[in-house]
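One structure is given below, encoded as structure tokens.
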Amino acid sequence: MLSYWLATVRRSAVPTVLTAVVVSGAMAGVLVAEDASAWAGSLLQATLFGLAAGAVLAVAIATSNTWNARRAAARHGLPLTAEAAVVPCTAEIRVPVPTGTTPYQLTDNVLYALKKVPAPRIDEVEEFTHGKLTVVCGSSSGSPVRLHISIVTDRNIAMVTMDSRPVTSWKRLDGGASWSVLSAFEPHVSKAVRYDTDGPNAD
């Protein structure tokens, strides 16, 4: 959990620094306006205050996100690691399939399998075409995630690419929501595209 907290601090560094700069600048302007002769002391005081404000913000963001990520990981029985802080989350799967298998067949298998997973729950299917599947889930938790799955076949190999990210595109942190959705669905996707001698193994 500490590794996730530290990773969150690193990913929130830019907004934290910007906040510190803005706060320092605003406070320096006020202090210098009150006493221009003591500008050096005012700048130092404003800088220290800005650094303190930035540190408080960084700790607050990291702690809040870590708490949410811990809950998301526990909900799906996953260990919380630093990679959970990465947004977007991606994964690639390569599995053997019978020659002639189409991406549409595999996409249909994947959608069927994911709809049977109790959590995370699919709230909306945005795209379902030949080798393309996009679903939105996790809306009930307050952090909706868009999962895009692309499937390409080359002779007897299926290549699956998964991309999980917040529906709100500007988010750099989402409390592990994207990671938990990807991690929970990945084994089901892998199983759904595998074939045995009797046909698709999507159950």
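Just so you know, all these numbers are worked out from the coordinates, no wet-lab data involved. All values derive from a computational prediction rather than experimental measurement. All Cβ positions, even for glycine, are placed from backbone atoms using ideal geometry, and neighbour counts span all protein chains on display.
Test of understanding: in a Gaussian network model of the chain with alpha carbons linked when under 10 Å, which of Ser24, Ser64, Ser37 would top the mean-square fluctuation ranking?
Ranking Ser24, Ser64, Ser37 by mean-square fluctuation puts Ser37 first.
How far is the Cα center of region 65-129 from the Cα center of region 152-166, in Å?
The distance from the Cα centre of region 65-129 to that of region 152-166 comes to 12 Å.
Whose amide H sits under 5 Å from the amide H of Arg121, counting only residues 5 or more places off or on another chain, with H placed in the peptide plane?
Residues meeting the amide H criterion: Gly138.
Expected output is a single nm value to one decimal: the length gained when fully extending between Thr63 and Tyr112, i.e. 0.36 nm times separation in residues minus the C-alpha distance. What is it?
Using 0.36 nm per residue and subtracting the Cα-Cα distance, I get 13.9 nm.
Taking the simple approach of a point 7 Å from Cα along Cα-to-Cβ for both Val152 and Val22, what is their distance in nm?
It works out to 4.1 nm between the two label points.
Set the Förster radius R0 to 45 Å, insert the Cβ-Cβ distance between Leu78 and Ala55 as r into 1/(1 + (r/R0)^6), and round the FRET efficiency to 0.05.
Efficiency computed from Cβ-Cβ geometry: 0.90.
Could you give each residue of region 165-175 its phi-based ³J(HN,Hα) in whole Hz, using Karplus coefficients 6.51, -1.76, 1.60 with θ = phi - 60°, and x for Gly or Pro?
Karplus values, whole Hz, x for Gly and Pro: 8, x, 4, 6, 5, 7, 5, 9, 9, 9, x.
Which entry in [x] 12.5; [y] 19.5; [z] 13.7 matches mean projected area of the Cα convex hull in nm² derived from the coordinates of this structure?
The value computed from this structure is option [z].
Let me have the 222 nm mean residue ellipticity of the chain computed from DSSP H runs of 4+ only, each contributing -39500 (n - 2.57), with the sum over all residues rounded to the nearest 500.
-16500 deg cm²/dmol
When the chain is modelled as a GNM with alpha-carbon springs shorter than 10 Å, which of Gly77, Gly176, Gly54 fluctuates the most?
Gly77
How far apart, in nanometres, would the label points at Ala91 and Trp39 be if each is projected 7 angstrom from Cα along the Cα-to-Cβ direction?
Taking the simple label geometry, Ala91 and Trp39 are separated by 5.8 nm.
What length, rounded to one decimal in nm, is gained on full extension from Glu124 through to Glu186, with 0.36 nm per residue of separation minus their alpha-carbon distance?
Stretched out fully, the Glu124 to Glu186 stretch lengthens by 20.5 nm.
How many nm separate the modelled label positions at Lys171 and Ala13, each set 7 Å beyond the Cα in the direction of the Cβ?
2.3 nm
Helix 13-34 versus the longest principal axis of the chain: what angle, 0 to 90°, nearest 10, using Cα atoms?
20 degrees
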